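J.: My questions all concern the structure below.
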Amino acid sequence: MQDAGHELEEATPDFAPPEQLNRAARVIVMGETAKLFYQYQYETGQKLPHRLLEPTTWAMIVQGRQISAGEMAWARDVMLAQERAAKAFFMRYDALMTPVCPRTTPKIGEMMPPPAAQKAMRLLFGTLRLGFLLKNNPFLEKEAAAALQYVGYTSPLNMSGNPAMSVPLYRHNGLPVGTQFAAAHGREDTLLRLAAQLEQIQPWAEIPQLV
């Protein structure tokens, strides 16, 4: 980056702690998923059968229907706080560079529950309607926190609404490793120019793809 004429400085936006971000992100995602459930019912006049959805999606709907208005309001406040933190950061800096994920590329299916667990989820939360088991469940909290670690660096920018991009500058065991760049609201042009410059320096389109 420095060889390309950029001035680099180590700096961190005043984002919320990861635990708070993860919880707020879960509340918003589950609430928005449950909202789609209600929209389907209002627009079609029919109930949405759980068999039409994957077990994990249905579990998110069940959890989303258990979220209180107060918790959703808290999550919205966390989201707005990330927007303010990003705005302050980009008043001084043109772009933010981070990893995309805190780890290398996961294997296909690694982030999905095993088939036996999916069958159990469908039985418990779909057929038997035991959704209360999902509320404040420490095992599920632990699993959700582990899953959100994959998107740790993208979560605050998803909340702030800033434009961001993943650029495959590096590879590990033949798989691309993304570097995330983010910019101020409305400055997609900064990111596009930066991506074009980086591709000229370190082309990625010509790298053979794994089949």
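J.: Going residue by residue through segment 4-21, is there one that turns out to be among the polar types (S, T, N, Q), on the phi < 0 side of the Ramachandran plot, surrounded by 11 or more Cβ atoms within 10 Å (Cβ to Cβ) and in contact with a Pro (Cβ under 9 Å, 6 or more places away or on another chain)?
T.: Scanning segment 4-21, I find no residue that is among the polar types (S, T, N, Q), on the phi < 0 side of the Ramachandran plot, surrounded by 11 or more Cβ atoms within 10 Å (Cβ to Cβ) and in contact with a Pro (Cβ under 9 Å, 6 or more places away or on another chain), so the answer is no.
Okay, residues lined up against (1) modelled with pLDDT under 90; (2) of a type in the set (Ser, Thr, Tyr); (3) closer than 19 Å to residue 97 by Cβ; (4) out of contact with any strand residue (DSSP E or B) (no Cβ under 6 Å at 6 or more places or on another chain):
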{"position": "2", "(1), (2), (3), (4)": "yes, no, yes, yes"}
{"position": "17", "(1), (2), (3), (4)": "no, no, no, yes"}
{"position": "26", "(1), (2), (3), (4)": "yes, no, no, yes"}
{"position": "35", "(1), (2), (3), (4)": "no, no, no, yes"}
{"position": "42", "(1), (2), (3), (4)": "no, yes, no, yes"}
{"position": "47", "(1), (2), (3), (4)": "yes, no, no, yes"}
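J.: Taking the residues in segment 68-91 that are free of Cβ contacts under 8 Å to residues at least 40 places away in the same chain and either in contact with a helix residue (DSSP H, G or I) (Cβ under 7 Å, 6 or more places away or on another chain) or of a type in the set (D, E, K, R) (or both) as candidates, determine which candidate is surrounded by the most Cβ atoms within 10 Å (Cβ to Cβ).
T.: Among residues in segment 68-91 that are free of Cβ contacts under 8 Å to residues at least 40 places away in the same chain and either in contact with a helix residue (DSSP H, G or I) (Cβ under 7 Å, 6 or more places away or on another chain) or of a type in the set (D, E, K, R) (or both), the one surrounded by the most Cβ atoms within 10 Å (Cβ to Cβ) is 84.
J.: May I pose another question? Starting from segment 170-185, take each residue that is closer than 27 Å to residue 93 by Cα and of a type in the set (A, V, I, L, M) and list its partners that are at pLDDT below 95 and assigned to a loop (DSSP other than H, G, I, E, B), counting only C-beta distances under 8 angstrom and pairs at least six apart or across chains.
T.: Partner pairs satisfying both residue conditions: 177/100; 177/104; 177/105.
J.: Also, quick follow-up: Which residues, taken from segment 105-135, are surrounded by fewer than 12 Cβ atoms within 10 Å (Cβ to Cβ) and over 30 Å from residue 37 (Cβ atoms)?
T.: 107
J.: Hey, another quick one. Would you check if residue 171 is assigned to a loop (DSSP other than H, G, I, E, B), modelled with pLDDT under 95 and either closer than 30 Å to residue 77 by Cβ or of a type in the set (Lys, Arg) (or both)?
T.: No; evaluated as a whole, the condition is false for this residue.
J.: So which of 26, 65, 51 is loosely packed, with under 13 Cβ neighbours inside 10 Å and assigned to a helix (DSSP H, G or I)?
T.: 51
The values are calculated or read from the model by the stated rules, or taken from the named source; none is laboratory data. This one's a predicted model, so the numbers in the text were calculated from it and none came from an experiment. Cβ sites come from the backbone with ideal geometry, for glycine too, and all protein chains shown count toward neighbours.
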